[in-house]
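Below is one structure, written out as structure tokens; the observations come after it.
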Amino acid sequence: MTQPCADEMGISRSAVARHFIKDSVQALAKMMARDFTNTDLVAIYVDGIIIARHHLIAAVGVDATGAKNVLGLVSGSSENARVV
């Protein structure tokens with residue numbers, strides 16, 4: 001269903017999608033570039049989650065205080081060695 005406000009403002013679904021994809025790519029690049037050199041990680045685990053039929057693999061690090069840090073995300077079919 002098209003939202004009347006978007007139509008009235010001349011915003012197409014494809015324009016919104018392009019903007020979302022561009023911003024998502026930038027946000028992912030920024031997240032993947034974070035430096036954990038000075039973080040005291042005591043455990044790292046890899047887990048998979050399915051979101052909207054897409055399988056995402058996340059590497060999570062747990063620091064000495066128990067805080068979880070997403071170390072990275074990648075698209076893949078399972079938590080196999082190639083993807084990890």
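Considering only the range 21-46, how many residues are over 13 Å from the mean Cα position of the chain (by Cα) and acidic (Asp, Glu)?
The qualifying residues number 2.
Name every residue in the range 53-78 that is under 13 Å from the mean Cα position of the chain (by Cα) and outside any strand (DSSP E or B), in order of residue number.
76
Where a number appears in this text, it was derived from the coordinates with a stated rule and is not lab data. These figures come from a predicted structure and were not determined experimentally.
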